[in-house]
Amino acid sequence: FRRFRNSLSERFHQLWLWHKTLKIIGGEFGTSVLSYFIFLKWLLSFNIFSFLINFSFITVPQFIAAEPNNLSFTGLELLTGAGYFQQTALYYGFYTNATISKTENGASYNMQLAYIFTVGMYFVICLLILLISMAKSFCRNFINPQIYSGNASKLLCTWDFNITNEKAVKLKQKNLSTQIKVQNTGDAKRCSNMTDGHPAIVPPHQLTDQSVQLLLLFLCRNIILKISIIGILCYYWLDIVATSKSQCWETLIGQDIYRLILVDFIFCLLGSFFGEFLRRIIGTTVFVSLGMPEFDIARNVLDLIYAQTLTWIGILFSPLLPGIQMISFFIVFYVKKVSLMKNCQPPRQVWRAAQMTTFFMLLLFFPSLTGVLAVIAVTVWRLKPSEECGPFRGLSSMFAAVSEWIKILENYTGSKWVVWIYNNLITSELFFFILSTIFLIITYLYWQIIKGRKTMVKLLRKQIVNVGKDKVFLLRKLHLQQREKQNPSVPRGQDQQVSFIVQIFLFQLHVHYDSMGFL
């Protein structure tokens, strides 16, 4: 029965998207490269969810009241996003401001409320999912530092005995082997510091932290550059395009974002070709000393965050844009996977993939999602919609549709609770001030917990070093007593040799504690 249950569980896991592919990538290239593909899959789930709810609650009802498209399709629209697509459900201007009703006295569907509530609830859900995922990953990977361990625990304690499938066993073995090889790269660097017969002990976490700090510095520098570019574009869209006399400025912004996403997708494919394929050809045939390239995790993650930021901004102006980004991410996944297998080698730097995934989420939250929410808030509350297109035509702002709906609900006794929530929570600055204060307090408490854990780890490290020194001192005393009893006249060279053996013992003691997860 247990074997049947395990087999059924394995079959169920195989139904997950890219389950086997992710296992192969983790086995061949380690968890640091695997973190990029997991992050890509995570972003894909956001776009699938957004496409499904937008298509279900906005696009499908619009088909009932849709007018025929009189423009002809030439194929050039796939590159420009204009022309035939301008009068389709892809853009904001296609949607009606009327209340849709299939029969005269039947149920009605308010397109204005459906549009703003669907987009708003999607961003609320994304914000909650991102905050919960960040909190869980943060607690698991930063507040509990004792979970990180060395090669001994990887070999003895991380095997999953529920695995019964032969292919799954081989993939798990490859994954552990790759992790240990990457860790041994850092160990080799430490051992290379042994000069003149004296081991210079460099803690393994120091090598890891140095490589991670360089990666984080590169990520922060480039994300600031990309977000600055998006910020300039948003200023152009909201301050110049939105105030122009264009017939439908929302659709024009949607077309611009469509073209930006398409260009980013094309350059992503070209980057895999020129940056990895041609680099492998040059490194293996012309300049052999270069070797095969490593998979650039930082650059590829930044490309994903940039593309997702554009998609989030464009949802309000092009409800079906997540569907286009969904197709793009599917293609990018397989292109990157093939390029990784054929052109790249495993990274030489030791990275903690779990901590890197947490940092990817942090970059996606700030400045990406927070900046997008600011842009959406300005558009919904401050800007006047177009007079001749879209579901909010004729209103002073998009949010005015909600205010008018609340006025209608005030006449119904059963809807008083909705009016109360609107007046006392949604439109109350005090509520958001209290909410922000609670969030900052929780963040401060977590920060203090981290500082306390770091202090505790430092004290434990000092204690371990002192224990090692005590053992070395006792070994020296014991050796001197044995030498005096056996042979009082021992050559000085032999004494130096014993001292070297004691130092080697200290180095092995350090590595032993490292493998147990104390360092």
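At pLDDT 85 or above and touching a Gly at 6+ places or on another chain (Cβ under 7 Å): which single residue out of Leu76, Leu130 fits that description?
Working: Leu130 fails: touching a Gly at 6+ places or on another chain (Cβ under 7 Å).
The unique qualifying residue is Leu76.
Matching residues to (1) under 19 Å from the mean Cα position of the chain (by Cα); (2) modelled with pLDDT of 95 or more; (3) closer than 25 Å to Thr21 by Cβ; (4) of a type in the set (Asp, Glu):
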{"site": "Met341", "(1), (2), (3), (4)": "no, no, yes, no"}
{"site": "Gln345", "(1), (2), (3), (4)": "no, no, yes, no"}
{"site": "Met356", "(1), (2), (3), (4)": "yes, no, yes, no"}
{"site": "Phe365", "(1), (2), (3), (4)": "yes, no, no, no"}
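For the stretch 119-141, what are the residues that are surrounded by 18 or more Cβ atoms within 10 Å (Cβ to Cβ) and of a type in the set (Ser, Thr, Tyr)?
Tyr122, Ser137
Given the conditions (1) surrounded by 19 or more Cβ atoms within 10 Å (Cβ to Cβ); (2) part of a helix (DSSP H, G or I), report the number of the one that Val378 does not fulfil.
The failed condition is (1).
Applying the selection to the stretch 356-375, what residues are buried (at least 16 other Cβ atoms within 10 Å of the Cβ) and hydroxyl-bearing (Ser, Thr, Tyr)?
Those that are buried (at least 16 other Cβ atoms within 10 Å of the Cβ) and hydroxyl-bearing (Ser, Thr, Tyr): Thr357, Thr358, Ser368.
Show the residue pairs that are 6+ apart or on different chains and have beta-carbon atoms under 7 Å apart, the first residue being within the stretch 65-94 and assigned to a loop (DSSP other than H, G, I, E, B), the second being surrounded by fewer than 16 Cβ atoms within 10 Å (Cβ to Cβ) and not β-branched (Val, Ile, Thr).
Taking only residues 6 or more apart or on different chains, the pairs are Ala65/Ala98; Gly81/Arg259; Thr88/Asn69.
Can you say whether Leu278 is assigned to a helix (DSSP H, G or I) and either open to solvent by 50 Å² or more (accessible area, probe 1.4 Å) or at positive phi (or both), as far as the supplied structure shows? Before the answer, list the steps.
Working: assigned to a helix (DSSP H, G or I): yes; either open to solvent by 50 Å² or more (accessible area, probe 1.4 Å) or at positive phi (or both): yes.
Taking the combined requirement at face value, the residue satisfies it.
Look through the stretch 385-407, keep the residues that are free of Cβ contacts under 8 Å to residues at least 40 places away in the same chain and either touching a strand residue (DSSP E or B) at 6+ places or on another chain (Cβ under 6 Å) or open to solvent by 90 Å² or more (accessible area, probe 1.4 Å) (or both), and return whichever of them is farthest from Leu113 (Cα to Cα).
Here the answer is Glu387.
Quick one: would you say Lys462 is open to solvent by 90 Å² or more (accessible area, probe 1.4 Å) and at pLDDT 85 or above?
Values: open to solvent by 90 Å² or more (accessible area, probe 1.4 Å): yes; at pLDDT 85 or above: yes.
So Lys462 fits the description; yes.
Based on this model, can you work out whether Leu44 counts as of a type in the set (A, V, I, L, M, F, W, C), open to solvent by 40 Å² or more (accessible area, probe 1.4 Å) and in contact with a helix residue (DSSP H, G or I) (Cβ under 8 Å, 6 or more places away or on another chain)?
No: the conditions fail for Leu44.
The values are calculated or read from the model by the stated rules, or taken from the named source; none is laboratory data. Keep in mind that this is a model prediction, so the values were computed, not measured. Methodologically, a virtual Cβ is constructed for each residue, glycine included, from the backbone with ideal geometry; neighbour enumeration extends over all protein chains shown. Areas reflect the complete protein model, heavy atoms only, side chains present, ligands, DNA and RNA absent. Shrake-Rupley method; radii C 1.70, N 1.55, O 1.52, S 1.80 Å.
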